Amino acid sequence: PSLEIAHPFATVTIERSIVGAIRSHADARIDVTGSVIDATAPVLAACEGLAPAEPGATLALADCTVFGLVHARQLARVSNTLIVARLPAPAPAGWPAPVRVQRRQEGCVRFSWLPAGAITPRRHRCLDDADDPALRPQFTATRYGASAYAQLSATAPEAIRRGADDGGEIGVGHPLAQPQRETNLAIRLDEYLRFGLVAGTFHAT
């Protein structure tokens with residue numbers, strides 16, 4: 001783990017950062033905004049308790065991308081977030097689902113993507129791959145250090161690229177407003193492009 005939170009009353013704020021796996025006391029709280037939590041593989045634990053199979057802190061996630069399993073006491077609020085996780089075969093003890101929340105009667109998950117079988121509080125306009133396996137995030141690169149790390153691929157499902165609460169992409173790239181900027185650019189190009197020329201869009205990495 002890159003971060004361990006052993007104090008039961010700690011509140012940790014993570015903003016615009018890339019962190020590894022987090023181990024935390026169940027009574028702590030972690031607020032994460034515009035960040036990546038990377039366990040290095042979807043089958044490894046990204047957020048869990050201090051001991052295996054124990055729930056971790058209460059989580060609040062906004063505009064985040066999480067690579068790995070999540071076991072939390074509570075999801076206070078999750079918004080515009082991708083949680084890319086899957087259980088290995090066989091599933092480790094204490095992991096009935098890739099995302100597991102102990103207190104489901106509190107909190108909410110909105111405009112986010114979750115793996116099939118996730119155990120969460122109430123959801124609002126969320127996506128998962130339970131019905132359509134093709135509805136999964138696709139990334140340009142998932143290896144830390146790559147120039148396009150955690151960037152959604154141009155071939156990612158449109159429902160994910162435009163599934164946030166403002167029509168933008170879900171995940172850490174949400175603040176960039178790339179889908180909206182692409183639409184605006186296409187309109188302007190049609191107006192001003194010279195006859196016979198063709199324009200293409202190439203994303204910076």
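The values are calculated or read from the model by the stated rules, or taken from the named source; none is laboratory data. Owing to the predicted nature of the structure, the values given are computational and were not obtained by experimental measurement. So basically every Cβ, Gly included, is an ideal-geometry build from the backbone, and we count neighbours across all protein chains shown. Just the protein is used for accessible areas: all its heavy atoms, side chains included, with ligands, DNA and RNA removed. Shrake-Rupley method; radii C 1.70, N 1.55, O 1.52, S 1.80 Å.
Distant-in-sequence amide contacts of Asp128, defined by a placed amide H-H separation under 5 Å and a gap of 5 or more residues or a different chain, comprise Leu114.
Less than 5 angstrom separates the built amide H of Arg110 from those of Val78, Ser79, Asn80, His124, all sequence-distant by 5 or more or on a different chain.
Solvent-accessible area per residue for region 110-205 at a 1.4 Å probe radius, Å²?
On the way: 6080 Å² over 96 residues.
Normalised by residue count, the accessible surface of region 110-205 is 63 Å².
Using the 2.2 N^0.38 Å rule of thumb for compact globular proteins, work out how region 19-154 stacks up: its C-alpha Rg over that value, please. Expressed relative to 2.2 N^0.38 Å, the Cα Rg reads 0.96. In this structure, the amide hydrogen of Val12, modeled 1.01 Å from its nitrogen in the peptide plane, lies closer than 5 angstrom to those of Arg29, Ile30, Asp31, counting only residues at least 5 positions away or on a different chain. Each residue of region 72-140 gets 101 Å³ once the volume of the Cα convex hull is shared out per residue. The 3J(HN,Hα) values that the Karplus relation (6.51, -1.76, 1.60; θ = phi - 60°) gives for region 151-159 are, in residue order, 7, 5, 6, 5, 8, 4, x, 4, 4 Hz. Gly and Pro appear as x. Could you tell me what percent of the accessible area of the chain is made up of carbon and sulfur, with a 1.4 Å probe and every protein chain present? Carbon and sulfur atoms account for 52 percent of the accessible area of the chain. For the chain, adding -39500 (n - 2.57) for each run of n ≥ 4 DSSP H residues and dividing by the number of residues yields -2500 deg cm²/dmol at 222 nm.
Compute the convex hull volume of the Cα atoms of region 9-88, divide it by the residue count, and report the result per residue in Å³ as a whole number. Could the numbers behind the result be given before it?
On the way: hull volume 5.6 nm³, N = 80.
Cα-based convex hull of region 9-88, divided per residue, equals 70 Å³.
Computed from backbone phi with θ = phi - 60° and the Karplus coefficients 6.51, -1.76 and 1.60, the 3J(HN,Hα) list for region 160-167 is 8, 5, 10, x, 6, 5, 10, x Hz; x is used for glycine and proline. Farthest towards the positive end of the charge dipole of region 30-113, among the residues Cys47, Asn80, Ile30, is the Cα of Asn80, using unit charges on the Cβ of Lys, Arg, Asp and Glu. Given their separation in residues at 0.36 nm each and the Cα-Cα distance between them, Thr201 and Leu189 gain 3.2 nm when the chain is fully extended.
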